[in-house]
Amino acid sequence: MKEEITGVILAGGRGQRMGGVDKGLQDLDGRPLVQWVLARLAPQVDAVVINANQNLARYAALGYRVLPDAIPDFAGPLAGLHAALSQAITPLLLTVPCDSPFLPDDLAQRLRAALEAQGAELAVARTGDRVQRAFCLTRRAILPKLEAFLDSGERKVGLWHASLKLAEVAFDDEADGFRNINTPEDLAAARSNR
């Protein structure tokens with residue numbers, strides 16, 4: 001029997017490159033970005049939670065549990081992973097950012113296959129020579145390691161990944177699925193390309 005996966009949408013950032021607005025709630029063709037992500041992620045996992053630090057009621061209105069960071073001051077994606085790992089009841093967690101509405105439909109399946117085949121602690125997507133660090137599948141059991149890393153004052157995702165038994169999974173065939181919407185210009189381009 002396959003281990004269950006909780007999907008975690010990381011929506012806890014400040015949205016600085018988007019002009020300080022909540023990226024996950026920005027409109028793309030009549031729906032907020034987070035709803036596009038939910039439509040792609042939910043069928044791939046057994047449960048979904050949203051990591052957010054502002055507009056909690058708006059995220060909760062989508063019908064999923066909302067987890068704010070336990071670490072203060074918008075500490076980054078690792079704080080979101082920490083919040084989710086701390087509350088998770090499934091053995092595996094899959095993180096995706098709230099600003100990637102075109103994420104691959106087979107993300108969980110391919111990351112799980114690599115995690116299991118390589119006996120890894122974390123599997124992460126890669127396109128070309130770029131590691132897509134926000135798209136990763138991890139074991140809940142790594143929580144103590146993450147807590148120690150964060151307690152040391154570190155926040156860099158790449159440094160965290162380097163401390164683990166890591167499996168990188170090539171998604172060159174679906175590279176466009178990792179396109180994220182960071183700026184108003186990115187959002188305008190996504191609207192015109194739909």
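Values quoted throughout were computed directly from the atomic coordinates according to the rules given, and no laboratory measurement underlies them. All figures in this text were calculated on a predicted structure; none of them were measured in a lab. Cβ sites come from the backbone with ideal geometry, for glycine too, and all protein chains shown count toward neighbours.
Worth pointing out:
- Membrane-span-like helices in the chain (whole DSSP H runs, Cα extent of at least 27 Å along the helix axis, mean Kyte-Doolittle hydropathy of at least 1.6): none found.
- The relative contact order of the chain comes to 25 percent, based on Cα pairs under 8 Å that sit 6 or more residues apart.
- DSSP bridge pairs, the stretch 1-123: antiparallel proportion in percent, nearest 5: 10 percent
- Approximate shape of the chain as ellipsoid semi-axes (Cα gyration tensor, √5λ), whole Å, largest first: 24, 19, 16
- For the options 112, 130, 155, a Gaussian network treatment of the chain with springs between C-alpha atoms closer than 10 Å singles out 130 as fluctuating the most.
- Longest exposed-site-free window of the chain, the sites being GluC sites (Glu not before Pro) in a DSSP loop that have at most 14 other C-beta atoms within 10 Å: 5-153
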